[in-house]
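The next block holds one structure in the form of structure tokens; read it before the comments.
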Amino acid sequence: MQTIQQLTEDLINKIAAGEVIERPASVVKELVENALDAGATQITIDIKDSGKELIKITDNGHGMTEENAKMSILRHATSKISNATDLFNITTLGFRGEALASIAAISQLSIITKPSEQMEAFNIVIEGGNIISTGILAAEQGTTIEVRNLFFNTPARKKFLKSDSVELRHIIDVITRYALGNPNIGFSLSHEGHSLVTAPAVEDAQNKIASVYGVALAKDLLPVAFENEFVRVSGYIAKPNQARNDKNQQVLFVNGRWVRNVIVNKAIYDGYHSLLFVGKHPVYVLFLEVNPEKVDVNVHPQKSEIKIEQQKEISQAIETAIRETLARNNLIPVVDFSFDEKPIPAPKYTFEPSTQTILQPVKSSIIEEYSTPEEEVIVREQAVPALGLVKLPQMKILGQIHKTFFVAETPGGVLFIDQHVVQERVYYEQFMQQFMHKKVATQTLLQGEILELSPQEKLLIVEHESKLKQLGFTIEHFGGNSYVVKTIPSVFGRMQPLELVREVLSTINENRNKLEEIQEEIITRMACRASVKAGDTVSIPHLQKMLAELSQCHLPYHCPHGRAIFITMPVSELDKKFQRK
């Protein structure tokens with residue numbers, strides 16, 4: 001039997017640090033929250049090596065005395081609470097007294113701090129939880145904290161960090177959230193000397209949203225204002241047509257604290273109800289003010305999850321706030337033609353005479369795909385004599401039904417055709433052939449399209465610029481977080497350029513993988529988005545053209561997702577249904 005023994009203080013601190021600090025972004029979050037609690041109006045964050053080498057945070061808050069600075073690095077030392085009752089009436093972001101102690105235990109930490117009433121600043125240096133030096137020096141009011149070599153003494157924790165770009169995105173997420181939640185406070189984030197987020201202090205949340213997410217989105221937001229006996233709801237939501245493919249632009253604050261809450265998030269979606277297209281997610285920056293006694297923030301080491309006592313009532317209030325906001329605003333999209341090319345008129349819906357349309361068989365080929373050490377895709381074409389030629393059924397197209405399907409007569413029965421997946425397969429194969437042969441045809445936009453990005457999206461552009469060009473996108477920096485889209489793939493010219501670019505960025509962001517590993521998924525999604533949709537009016541000649549292109553495809557019976565393009569019903573089955581036999 002093994003002997004039970006008490007852990008050393010050093011090991012206890014490292015275990016505690018593992019609960020609070022899981023990555024560089026955790027350090028940034030804790031220190032930014034401390035700066036906010038200290039009344040700072042300007043917070044500057046400088047990082048190196050995605051936060052692993054250096055995290056430096058400077059604020060102009062109240063600062064600390066020498067005594068408080070020494071106490072701040074001790075576990076469970078805090079000025080925010082003093083008894084158990086305070087746990088149920090928390091109005092500050094920090095309260096446990098664990099953050100600095102946890103950071104000090106797994107890094108080389110330096111604190112320079114000066115309150116307004118003192119002439120000099122106090123400096124303390126800690127390494128692995130041990131004080132190395134203390135001293136007096138000159139500095140401005142406020143606090144500067146430098147965290148160097150994070151996880152230097154806990155290598156097991158360090159090896160579980162993700163790639164540099166992923167860790168950097170997590171840090172950007174933290175800064176953008178707290179910048180959005182504190183409009184009157186200036187935030188600045190730089191990495192290796194390059195500015196990533198610049199969000200100066202402004203008068204209201206909408207202006208702060210404009211500095212973070214771009215003017216185009218911010219000017220189209222709808223203000224939310226609702227209050228009852230349980231909660232006050234304020235902030236901004238986007239119109240349904242501004243919905244995104246991911247949830248990156250959803251920010252929720254409860255009593256000034258950024259949190260995640262499944263129940264509240266569901267209430268927001270319920271407020272939009274049927275106004276959201278399938279797979280789309282609303283953009284929102286919302287603030288809830290709830291009686292602190294009704295909220296438990298002490299349920300997660302990182303304080304990012306909460307429990308709300310009056311959950312049902314508050315959820316109903318949020319849903320009502322969203323519904324009423326949408327109901328009292330004009331939700332018809334306003335089209336900006338300033339950068340648009342001349343619109344192409346939609347084809348007119350006409351019934352053609354019942355002439356037999358025979359699609360001729362075409363030469364088939366096999367696509368052979370495999371990865372080389374350079375991760376390139378190789379194509380080899382060859383005849384398939386044993387299996388015969390791929391051909392579409394003979395058919396006489398009768399017409400479109402429900403603006404989604406076409407009905408055609410075949411020698412043995414009836415054929416149903418899904419108009420969307422016909423074009424989806426065509427676009428997919430046309431572009432895949434161009435991409436694999438490195439001959440992507442591009443369409444140059446006459447005036448370009450201005451693309452306003454969030455800091456996270458900008459990072460994706462910078463990181464994958466060369467690969468995006470291989471996909472046919474020429475995107476040039478236009479200043480700040482704005483870019484100009486100069487070219488797009490010609491195959492997908494039907495789709496709006498900005499929508500197409502955002503679709504690609506969303507796919508990259510959702511997968512968090514190397515672009516080489518998800519390039520087929522990107523192509524598949526672009527083909528899907530660019531194709532005619534259910535509800536589009538398609539003429540018979542237009543469908544005939546799409547079917548002629550489909551007959552040139554290698555796999556003309558299913559879309560890239562595996563859905564059937566054709567469904568047939570034999571005459572014998574019709575006879576049974578009508579009891580003719």
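Bear in mind that the values in this text are calculations on the coordinates, not laboratory data. Since the model is a prediction, treat every value here as computed from it, not as a measurement. Cβ: placed from backbone, ideal geometry, glycine included. Neighbour counts: every protein chain shown.
What lysines does Lys469 reach when the alpha-carbon gap must be under 20 Å and sequence neighbours fewer than 8 apart in one chain are set aside?
Cα-Cα hits under 20 Å: Lys438, Lys439, Lys458, Lys486, Lys514.
Taking Lys114 as the anchor, which lysines have their alpha carbon closer than 17 Å to its alpha carbon, excluding any fewer than eight residues away along the same chain?
Lys56, Lys70
Straight-line reach only, C-alpha to C-alpha below 19 angstrom: list the lysines that Lys396 could link to, leaving out same-chain residues fewer than 8 apart.
Partners within reach: Lys545.
What is the sum of charges around Pro183, taking Lys and Arg as +1, Asp and Glu as -1, for the other residues whose C-beta is under 12 Å from the C-beta of Pro183?
Net of charged neighbours comes to -1.
May I ask you to derive the FRET efficiency for Gln42 and Lys533 from their Cβ-Cβ distance with R0 = 45 Å, giving the value to the nearest 0.05?
Using R0 = 45 Å, I get an efficiency of 0.40.
Once you put a point 7 Å from the Cα of Lys162 and another 7 Å from the Cα of Val462, both along the Cβ direction, what distance in nm separates them?
1.7
Once R0 is set to 22 Å, what does the formula 1/(1 + (r/R0)^6) return for the Cβ-Cβ distance between Glu313 and Val262, expressed as a FRET efficiency to the nearest 0.05? Write out the running numbers ahead of the final one.
Values: r = 17 Å, r/R0 = 0.76.
Step by step, r from the Cβ atoms, then E = 0.85.
Just need the relative contact order of the stretch 209-327 here, percent rounded to a whole number, with Cα pairs under 8 Å and 6+ apart.
Over the stretch 209-327, the number comes to 32 percent.
Excluding Ser110 itself, what net charge comes from residues whose Cβ is under 12 Å from its Cβ, given Lys and Arg +1 and Asp and Glu -1?
My count for the surroundings of Ser110 gives 0.
Kindly provide the chymotrypsin sites (Phe, Trp or Tyr not before Pro) of the stretch 446-483 that DSSP labels as loop, not H, G, I, E or B, and whose Cβ sees at most 13 other Cβ atoms within 10 Å.
Details: sites: Phe473, Phe478, Tyr483; in loops: Phe473.
When the chymotrypsin sites (Phe, Trp or Tyr not before Pro) of the stretch 446-483 are filtered for loop state and at most 13 Cβ neighbours within 10 Å, nothing remains.
Select from the stretch 113-187 those chymotrypsin sites (Phe, Trp or Tyr not before Pro) which occupy a DSSP coil region and have at most 12 other Cβ atoms within 10 Å, ordered by residue number.
The qualifying sites are Phe160.
Taking H placed 1.01 Å from N in the peptide plane, check which residues at least 5 places from Glu98 or on another chain put their amide H under 5 Å from its amide H.
His76
Compute the signed sum of charges (Lys and Arg +1, Asp and Glu -1) over the other residues within less than 14 Å, Cβ to Cβ, of Phe226.
Residues close to Phe226 contribute a combined charge of -3.
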